[in-house]
1. Within the set of pairs 6 or more residues apart or between chains, which connect a residue that is under 19 Å from Gln61 (Cα atoms) inside the range 389-416 to a residue that is part of a loop (DSSP other than H, G, I, E, B) and among the aromatic types (Phe, Trp, Tyr) with Cβ atoms less than 9 Å apart?
2. Testing Arg205 on (1) surrounded by 18 or more Cβ atoms within 10 Å (Cβ to Cβ); (2) assigned to a helix (DSSP H, G or I); (3) under 37 Å from the mean Cα position of the chain (by Cα); (4) not small (Gly, Ala, Ser), one condition comes back false. Which one is that?
3. Pick out, from the range 324-407, the helices (runs of 4 or more DSSP H) lying fully within it that include 2 or more residues that are under 18 Å from Pro79 (Cβ atoms).
4. Which pairs do you get when a residue that is under 24 Å from Val299 (Cβ atoms), found in the range 189-214, comes within reach of a residue that is of a type in the set (Ser, Thr, Tyr) and not in a helix (DSSP H, G or I), reach meaning Cβ atoms under 6 angstrom, with the pair 6+ apart or on two chains?
5. Would you please list the contacts, defined by Cβ atoms under 6 Å and residues six or more apart or on different chains, that run from a residue in the range 26-50 that is assigned by TED's automatic domain parsing to the domain that holds Asn65 to a residue that is in a helix (DSSP H, G or I) and of a type in the set (S, T, N, Q)?
6. Any chance the range 521-533 includes a residue that's surrounded by fewer than 16 Cβ atoms within 10 Å (Cβ to Cβ) and more than 34 Å from the chain's Cα centre (by Cα)?
7. Which condition breaks for Ser122 when tested against (1) farther than 30 Å from Asp426 by Cβ; (2) not in a loop (DSSP other than H, G, I, E, B)?
8. Determine the pairs where a residue that is more than 18 Å from Lys32 (Cα to Cα) and in contact (Cβ under 8 Å) with a residue 12 or more places away in the chain, located within the range 66-85, has a partner that is assigned to a helix (DSSP H, G or I) and among the aromatic types (Phe, Trp, Tyr) with Cβ atoms under 9 Å apart, the partner being 6 or more residues away or on another chain.
Amino acid sequence: MAKKGNGVIHGLSCLGNTIHGMNQYHLRLLFKTCVIPVLTYGSQLWFNPEKPPNHLIKTLQKVQNNALRRVAGAFRTSPIEALQLLTHIPPIHITIRKISESAALRVFRLPLSSEVSHRLPSTFIPVSTPRPVHVPFERPLLRYHTFSHLTHMVRWSAPDTERSDPFHSHCAPYAFQLSSPPFHGRLRIRHDPCVKDKKLGRTIRHENLFQEYKEDLKSIFVVTDGSRRNKRAGYSVVIWHAGKIITKVMVPFAQEASAFDAEMYALAHASSLIRKILTLNYDINEVYLLSDCSSALQVIFDPSPHPSQAASIMFRTNIHAIMTARSDVFIDLEWTPGHGGTHMMKVADLAAKNAANPKSKRAPLLSFTSKSSAVQDINTAPRTRWRLHLDNPNHEIPETSGFYPASQYIRPALRPTHHPHFKDLDRATFSRFVQCATNHGYIGEYFSKFVPSRRSSNSCSCVLSSDQPLLQTRDHVLRSCVQFERAREHLEKVCPSLHHPTFSLARLFSPSAIPALVSFLKESAAFSKSHSPPLQDDEWMPPPQDETVFNRRPSQPKDPTPSG
């Protein structure tokens, strides 16, 4: 896997270098989609979080380190922990564990009669589960294996995790759809939320609609809402008729569930209440249902094996029974703004929060771990593990590291969503930003420490004519070098105390100061090769880019600077 991954990485190097070509955002995307699947292929079989095989992980980590340098446009000597933070790519063992946990969650899509299910521990499948029809003999020992790759993989999942059924009759090709005759033109689901500027207009329209329904005795107004507090989920259903509340239900749903699950089961419960009301009262023929969860409205009529599939099947069953029994009924489902919306939504929201209150003495309706809650835990756990990894003394960034000032603000993040500089910067500027943050760049301070054979004064060119040469450091370039005096105005705007002796460079890497630092790098071309200390005439020069390492003389030191 490591050899194949290195081959793919060498192919990615053809797409860009530190100056030209594909930018870092797309290089990271290609690494995540083309290299990670190669490196982690079959890792679910050999990875054990309790006793991780360090020799395999180190081999894969070396391949990922090579890719990080290419994505970031960094020097070979740059600290790996810094490159991981700057490219938003966690260590490989964290990625492998997430993949293993996601694979374990897919076990709950299998039927209980599956051969794989019968090889799970007894806590995952009831002993009373009947023997599959296609198996002519008993297999009692399959459930009591003490060790297997499958048992190690699923041990990190809760045995009571919500199951999905891809073979349910509602998933069959012949099952009814929203465009089927019972629903066509009579059941309308509008799940698209409006933009922030139009939320007030949507709220006013729903308030006016509620006032119209007050006078209409042939319609009911239904509002559902779900809430989650400390992993305890609850939902509420409130039904108005003629301007009065006729039904108000508050249900503590589950202890390990998400707000999405609460919203889904609130819609399913509402469909059951609507069916009961329409069965007893034939004068009501119009239903208007509001929910503030667009994702729940989008999949509530979808029977596929998604999270809370049982709620969708329950909703479909009730609505189908209503439409089949009464041909004069029309049902509208629409998204409405949640917090701060209509007064009807405020009533439902307060009831849902009371139902989800952890201090409530009412027992939850269901005792299980929902699929969406498990997926949410799997997606958020890598960031927590990454932070713990950096807090480990063996991996923490020391104060002597050049990246230490930047590490005070640049923390683990799995996505560059909240870091626009990563996506928007051109290739050359981002490479210099990385070199500035790590202090591994074309400056005299770096060459004096990592390239001692470089026979040069390593002094800044701004004082070459002076009798007292000054070592070119990152601090000097950012704060006092006269070559960048004009571009330094961007830094002084956000950091007026830049020239103060007690000023810390860490403040330049705060979210509010990074745009100013980027503007400084763009305008000044600081930390570029053109501003590095000049070489002496007899100084060794790195070989041309088209020359391979095999053509270098053994006496020549390896060039730590990135190619291009």
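1. Final answer for the pair search is Ile397/Phe403.
2. Going through the list (1) surrounded by 18 or more Cβ atoms within 10 Å (Cβ to Cβ); (2) assigned to a helix (DSSP H, G or I); (3) under 37 Å from the mean Cα position of the chain (by Cα); (4) not small (Gly, Ala, Ser), Arg205 breaks only (1).
3. Once the helices (runs of 4 or more DSSP H) in the range 324-407 are filtered for at least 2 residues that are under 18 Å from Pro79 (Cβ atoms), what remains is 371-391, 404-407.
4. Correct list of pairs: His206/Thr336; His206/Thr342.
5. If the second residue must be in a helix (DSSP H, G or I) and of a type in the set (S, T, N, Q), the pairs left are Arg28/Thr87; Gln44/Ser100; Phe47/Ser100.
6. Yes, the range 521-533 contains a residue that is surrounded by fewer than 16 Cβ atoms within 10 Å (Cβ to Cβ) and more than 34 Å from the chain's Cα centre (by Cα).
7. (2)
8. So the pair list comes out as Phe75/Tyr446; Phe75/Phe450; Thr77/Tyr446; Thr77/Phe450.
The values are calculated or read from the model by the stated rules, or taken from the named source; none is laboratory data. Note that this is a predicted model, so its numbers are computed, not measured. When we count neighbours, we look across all protein chains shown, and the Cβ atoms used for this are built from the backbone with ideal geometry, even at glycine.
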